[in-house]
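Below is one structure, written out as structure tokens; the observations come after it.
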Amino acid sequence: MSVPYETAAYEPPESAESPEEHLMRLLGRTLNSFELPDETIRQLDCALAHDGSLHSAHHSAGLHRETYRHTWLLADGSALTLWEIVHNTAPGSEPQHEVYVDEEELRAATARLALPPDAPDFELPVQVQLSPAPAPRHAYVPDASADHARRLLRRAENPDRPGADHAARLATASGHRITQAFGGPGRAGRARIGFSLYEHAFLLRDGTEVSLWEVEHTATPDGRHMCEVYESEDAARRAMELRAAQVS
């Protein structure tokens with residue numbers, strides 16, 4: 001009995017394949033991918049990390065069956081698993097791929113395969129190690145977060161606001177949270193000037209977190225409201241100090 005731990009259908013361990021690419025490749029090679037529930041596909045579209053491993057193998061008289069476990073880490077911290085069977089129906093025939101949502105469906109599909117009942121079989125211990133995804137600092141609201149980031153950057157008036165690279169990263173935001181870090185009017189010179197500082201924290205699809213710092217103030221020549229956006233809290237606070245000094 002030989003077990004093909006490496007087959008042409010699978011990427012090498014060092015592959016930088018994204019969770020979405022891994023899913024699309026799996027669905028593209030399986031014969032019954034159309035049977036997967038739509039809700040399952042929607043959940044996997046937002047996955048943060050993935051892992052695939054050989055779960056079991058059965059080889060005898062030119063017939064073979066391998067079972068693979070594919071697990072995705074979802075944005076809410078839960079995991080979702082799909083089971084893939086790779087098998088041939090006749091000695092030397094091309095392998096076929098099938099995918100199932102749960103182990104009960106997997107067992108039923110395995111029982112239909114034409115493998116001798118007395119052939120040796122073995123099970124591998126399943127130890128799924130997902131790509132590291134640190135626990136988020138905030139509880140995020142998945143409510144048009146990418147659009148929120150786009151509108152925030154669009155209304156920023158400072159010339160040193162975050163540029164195209166930040167905008168591209170934030171286009172993948174799957175959640176956001178707004179926290180007020182400073183607020184309330186202050187007196188500067190003859191005018192009563194208002195300053196507020198907000199952290200806009202975003203959770204990206206790869207599990208990383210990015211914050212933008214918004215300064216809202218009326219330290220303008222005509223007292224109108226102005227919005228500025230910075231990449232760090234320090235830069236935002238320095239901008240507030242500078243604006244206050246200019247009108248004092």
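The values are calculated or read from the model by the stated rules, or taken from the named source; none is laboratory data. Just so you know, these numbers come straight off a predicted model, no measurement behind them. Backbone-built Cβ (ideal geometry, glycine too); neighbour counts: all protein chains shown.
List of remarks:
Each row is one residue, and each column tells you yes or no for (1) of a type in the set (Gly, Ala, Ser); (2) surrounded by 12 or more Cβ atoms within 10 Å (Cβ to Cβ); (3) modelled with pLDDT of 80 or more; (4) more than 20 Å from the chain's Cα centre (by Cα).
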{"position": "Gln43", "(1), (2), (3), (4)": "no, yes, yes, no"}
{"position": "His50", "(1), (2), (3), (4)": "no, yes, yes, no"}
{"position": "Leu54", "(1), (2), (3), (4)": "no, yes, yes, yes"}
{"position": "Ser60", "(1), (2), (3), (4)": "yes, yes, no, yes"}
{"position": "His64", "(1), (2), (3), (4)": "no, yes, yes, yes"}
{"position": "Thr67", "(1), (2), (3), (4)": "no, yes, yes, yes"}
{"position": "Leu73", "(1), (2), (3), (4)": "no, yes, yes, no"}
{"position": "Asn88", "(1), (2), (3), (4)": "no, yes, yes, yes"}
{"position": "Pro91", "(1), (2), (3), (4)": "no, no, no, yes"}
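- Index of the failed condition, Leu26 passing every other in (1) at pLDDT 90 or above; (2) among the hydrophobic types (A, V, I, L, M, F, W, C); (3) not in a helix (DSSP H, G or I): (3)
- Restricting the range 200-237 to residues that are polar (S, T, N, Q) and closer than 19 Å to His148 by Cβ, the residue that is surrounded by the fewest Cβ atoms within 10 Å (Cβ to Cβ): Thr208
- In the range 238-248, the residues that are among the hydrophobic types (A, V, I, L, M, F, W, C) and buried (at least 17 other Cβ atoms within 10 Å of the Cβ): Ala239, Met240, Ala244
- Condition met for Leu130 (at pLDDT below 90, in the same structural domain as Leu80 (by TED's automatic domain parsing) and within 30 Å of Trp83 (Cβ to Cβ)): no
- Qualifying residue in the range 172-179 (condition: more than 16 Å from Arg150 (Cα to Cα), assigned by TED's automatic domain parsing to the domain that holds Met240 and modelled with pLDDT of 85 or more): yes
- Residue match in the range 221-241 (condition: without any contact (Cβ under 8 Å) to a residue 12 or more places away in the chain, within 30 Å of Gly77 (Cβ to Cβ), in the same structural domain as Ile178 (by TED's automatic domain parsing) and in a loop (DSSP other than H, G, I, E, B)): no
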